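The values are calculated or read from the model by the stated rules, or taken from the named source; none is laboratory data. Note that the structure is a prediction, hence the values are computed from the model and not measured. Neighbour counts are summed over all protein chains in view; Cβ atoms, including those assigned to glycine, are modelled from backbone coordinates with ideal geometry. With ligands, DNA and RNA removed, areas are computed over all heavy atoms of the protein, side chains included. Shrake-Rupley method; radii C 1.70, N 1.55, O 1.52, S 1.80 Å.
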Amino acid sequence: MSPRRGSLIVRVQSLTLVAAGAALLAAPTMSPQVEPSARQEALAPRHEGDVLAADLLAKVRECTQVSHGRYRSDEGRPATIPVCGTREAVFWKADMDIDCDGQPGVRCNRDTDPAFTDATAYQQSNGRQLNAERLPYIVVPTPSPVWDYRASDIRGGSVAAVIYRDRVQYAVVGDVGPRNIIGEASYASAEGLGIPSDPRSGGTASGVTYIVFKDSQVKPIEDHAAAIATGERLARLFVRAG
């Protein structure tokens, strides 16, 4: 090999190494992939409005019972859940079962929910049934000697603050359930709180607080933005109340 050819090879090798190094520097940095559900969880709002879950929960530590007895969380469970009251609201601490009743949709229908019914106790302003997939609403027990929600100035469209962990979801009273069971809310309510929403296997066994503000009502009942605005205002007053 001539000295000239040897030096040429060295120069070519040097240029190749420089090009490879530049390519490595220019290569885009790969960030770890995040599952869509995890990404959505990270970006999801922790609560609606500016009243914190901790502040609301601090106001419902003590229970002045207004129900004449207690409710079950599910059929066959012991009756251990009282409805409590203050001057501004009634509240209870229970589980959350998923209510998919009302307008049938992709997630709420007879195929996805064996207990599905296409009617709700209260209807939209256009006469159609409520949409559990889209509207956060809660379920109150059918009036009975234990408790009649109407006697507590609660009605269809009354505003509730539903708290789970550090999240607050504003909802409306939208449906009526069994007379001896409490702790149920719509598919959309569960979604907003980060609770599994599948009507067959979703919900949570405990840890949900329902605060329903007396003498409140959203019209039309399907206006969730109005429920948030009204709920946030009433929640502020509730937190500040002596």
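What the table below lists for this structure:
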read-out	value
Filter result for the condition that a residue is in contact with a helix residue (DSSP H, G or I) (Cβ under 9 Å, 6 or more places away or on another chain), open to solvent by less than 10 Å² (accessible area, probe 1.4 Å) and closer than 16 Å to Val176 by Cβ, over Ala89, Ala160	Ala160
Considering residues of the range 226-242 that are more than 14 Å from Ala54 (Cα to Cα) and hydrophobic (A, V, I, L, M, F, W, C) only, the residue least open to solvent (accessible area, probe 1.4 Å)	Ala227
Residue that is nearest to Tyr71 (Cα to Cα) [pool: residues in the range 203-242 that are of a type in the set (Phe, Trp, Tyr) and not in a helix (DSSP H, G or I)]	Tyr210
Residue check for Arg155: over 19 Å from Ser73 (Cβ atoms), of a type outside the set (Phe, Trp, Tyr) and in contact with a helix residue (DSSP H, G or I) (Cβ under 7 Å, 6 or more places away or on another chain)	no
Some residue of the range 47-54 being surrounded by fewer than 19 Cβ atoms within 10 Å (Cβ to Cβ), of a type in the set (A, V, I, L, M, F, W, C), at pLDDT below 95 and touching a strand residue (DSSP E or B) at 6+ places or on another chain (Cβ under 9 Å)	no
Residue within the range 180-194 that is in a loop (DSSP other than H, G, I, E, B) and surrounded by fewer than 15 Cβ atoms within 10 Å (Cβ to Cβ) present	no
Selection count where residues are on the phi < 0 side of the Ramachandran plot and in contact with a strand residue (DSSP E or B) (Cβ under 8 Å, 6 or more places away or on another chain), scope the range 148-163	11
Odd one out for Pro114, checked against (1) open to solvent by 80 Å² or more (accessible area, probe 1.4 Å); (2) at pLDDT 95 or above	(2)
Residue among Arg107, Arg39, Arg61 that alone is among the charged types (D, E, K, R), open to solvent by 100 Å² or more (accessible area, probe 1.4 Å) and at pLDDT below 95	Arg39
Candidates Ala79, Ala119 - the one that is open to solvent by 30 Å² or more (accessible area, probe 1.4 Å), under 21 Å from Pro143 (Cβ atoms), of a type in the set (A, V, I, L, M) and free of Cβ contacts under 8 Å to residues at least 24 places away in the same chain	Ala119
